[in-house]
Amino acid sequence: MEKPSFQVREYEGPLDLILALISQHQLDIYDINISDLLTQYMAYIKTLEEHQLEVASEFLEMASRLVYIKTASLLPRHEKEEDPRAELTGQLLEYQSCKAAAEMLRLRDQGWAVFTRAPLPLEIDPTYRRRHPVEELVSSYWSAIGKGRRRLPPQDAVFSPLVTKPVVSVSSRIFHLLRRFYKKSTMRLQAVWEESRDRSELVATFLAVLELVKAKRVHLTEDDAEMVFVGRGRKAP
C-alpha cells in the first residue's frame, strides 16, 4: 500500500473526507479495507494537527467509529451477524448520490447566466407628483418646529445656579476665624455656625475649625461650647 499523501483542504464532513480517500487511493467502496482507510483517515487528522488547525468533533467521532469497526472486524463473527461495515457503506453511497445530484443542479444553474442581458437604462423623472392632505402638511410643519426647538442650546438660566453659586474654600474660613480670634480670644461655636449663610460656607467653616484644632491654634472647652484661641503668648490649658 502506498503511503498516504494529500494536501490539507476543507471537507464538508467526515463522509466527504472518506469518499476523497477512497477515490484517491482506489479503495473498493463495497468492500472497504477498514485498516487502510483508518490509517489514511488518521494521517489526515494528524496533518491538521501539525498545521495547528482545529479538528471538528464530527471528524473525531468518525475516527472513533472507524476504530470500532476495525476492532469488530477482527473478532470472530457468526454467519447471521451483519457486517459492521455495511452501515458505513450505505451512508457513503447515499452521500455520494446526493453529492452528484448537487453537482448536477449546480451545473444546470450556471446556464441561467448565459442568456441574461445588461439592464436597460431607465429615464428618471424627478418631478414630485404626490398631493399631500392639508392635515399631513400641518402635522409635518409642527413636527419640524418641535425638532428645531429641541436643537436650540439651553438658556443661561438653566446653568446659572451651578455656575454663579460661589464655592467657599477652607483656607478663606481659616483666615476669617483667625482675624476674629485676634480681636477676641474666645468664641462660641454656636455663633460660628449661625453666621454661615449656606451649606458650602457651613462645611468650609466646620473643616476650618477642625484644621485649627489639629494645628493646636484653637482649644475647645470641656463642653465643646466655646473655642479658646491659643496665641499671643497663651498656652493651651
- Could you look through the stretch 207-227, keep only residues that are assigned to a helix (DSSP H, G or I) and of a type outside the set (A, V, I, L, M, F, W, C), and pick out the one that is nearest to residue 196 (Cα to Cα)? 211
- Would a scan of the stretch 45-61 turn up a residue that is at pLDDT 80 or above, surrounded by 14 or more Cβ atoms within 10 Å (Cβ to Cβ) and under 22 Å from residue 82 (Cβ atoms)? no
- Task: Find the residue count for the stretch 31-42, including only residues that are open to solvent by 20 Å² or more (accessible area, probe 1.4 Å) and either touching a His at 6+ places or on another chain (Cβ under 8 Å) or closer than 11 Å to residue 17 by Cβ (or both).
- Result: 1
- Task: Kindly provide the set of residues from the stretch 177-202 that are part of a helix (DSSP H, G or I) and in contact (Cβ under 8 Å) with a residue 24 or more places away in the chain, ordered by number.
- Result: 177, 178, 181, 182, 189, 190, 192, 200, 201
- Residue check for residue 85: over 15 Å from residue 18 (Cα atoms), surrounded by 10 or more Cβ atoms within 10 Å (Cβ to Cβ) and at pLDDT below 85: no
- Search result, residues across the stretch 212-225 that are surrounded by fewer than 16 Cβ atoms within 10 Å (Cβ to Cβ) and modelled with pLDDT of 80 or more: 213, 214, 215, 216, 220, 221
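The values are calculated or read from the model by the stated rules, or taken from the named source; none is laboratory data. Quick caveat: nothing in here was measured; it's all calculated off a predicted structure. When we count neighbours, we look across all protein chains shown, and the Cβ atoms used for this are built from the backbone with ideal geometry, even at glycine. Quick note on the areas: whole protein, heavy atoms, side chains included, nothing else; ligands and nucleic acids left out. Shrake-Rupley method; radii C 1.70, N 1.55, O 1.52, S 1.80 Å.
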